[in-house]
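Nothing in this text is a laboratory measurement; each read-out follows from the coordinates by a stated rule. For clarity, every value in this text was computed on a predicted model and none was experimentally measured. Counting neighbours? That spans all protein chains shown, and the Cβs are built from the backbone with ideal geometry, glycine included.
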Amino acid sequence: MDADTKVCGREPDSQYVELAVEVFAMLADATRVRIILALRDQELSVNQLAEIVDKSSPAVSQHLAKLRLARIVTTRQEGTRVYYRLANEHASQLVTDAIFQAEHALDQNPRHHHARAEASA
């Protein structure tokens, strides 16, 4: 990967590179990755997320607070309940791509390639 390559017609600004590193650091935690995967297609409460990722509600709340500070998730309040959702599709895409890369590292013929072949058949 060439950091000097133009992206979307612009030179990458060093502040974006530094923020990208912070995003990767934020995603360098299995629980946060699982939270992002759970939020791909829906918004969920802390308790729902805790059940899905098999962690305590307080632990999930701490992870969500970090993801919220990083602007990866946003919230919506309904009465006393707070629902979390992804702020945009990019965190989901990063996690999906990382999982695809992990599949490549473990398998000559990764699972996501099978899904593409089946979809085009």
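Taking the Cα centre of the stretch 14-88 as origin and charging only Cβ (+1 Lys, Arg; -1 Asp, Glu), how large is the dipole, in debye to the nearest 20?
Dipole of the stretch 14-88, to the nearest 20 debye: 120 debye.
Exactly which trypsin sites (Lys or Arg not before Pro) in the stretch 22-120 are in a DSSP loop and have at most 16 other Cβ atoms within 10 Å?
Numbers: sites: Arg32, Arg34, Arg40, Lys55, Lys66, Arg68, Arg71, Arg76, Arg81, Arg85, Arg111, Arg116; in loops: Arg40, Lys55, Arg71.
Within the stretch 22-120, the qualifying trypsin sites (Lys or Arg not before Pro) (loop, at most 16 other Cβ atoms within 10 Å) are Arg40, Arg71.
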Would you mind counting up the charge near Ala28? Only other residues with Cβ under 15 Å from its Cβ, with Lys and Arg at +1 and Asp and Glu at -1.
0
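Give me the number: length gained by fully extending Tyr16 to Thr96, i.e. 0.36 nm times residue separation minus the C-alpha to C-alpha distance, one decimal in nm.
Numbers: separation 80, 0.36 × 80 = 28.80 nm, distance 2.11 nm.
26.7 nm is the gain from fully extending Tyr16 to Thr96.
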Please name which of Gln15, Gln48, Leu37 has its Cα lying farthest along the dipole of the stretch 14-88 towards the positive end, using unit charges on Cβ (Lys, Arg +1; Asp, Glu -1) and the Cα centre as origin.
Gln48
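Can you tell me the FRET efficiency between Ala87 and Asp41 if r is taken as the Cβ-Cβ distance and R0 is 22 Å, rounded to the nearest 0.05?
Details: r = 15 Å, r/R0 = 0.67.
Calculated transfer efficiency: 0.90.
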For the stretch 10-114, build the charge dipole from Cβ charges (+1 Lys, Arg; -1 Asp, Glu) around the Cα centre, then report which of Ala65, Met26, Ile99 sits farthest towards its positive end.
Ala65
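So what is the relative contact order of the stretch 30-80, in percent, for Cα pairs below 8 Å that sit 6 or more residues apart? All intermediate terms of the calculation are to be shown ahead of the outcome.
Numbers: 23 pairs, mean separation 16.1, N = 51.
Relative CO of the stretch 30-80 lands at 32 percent.
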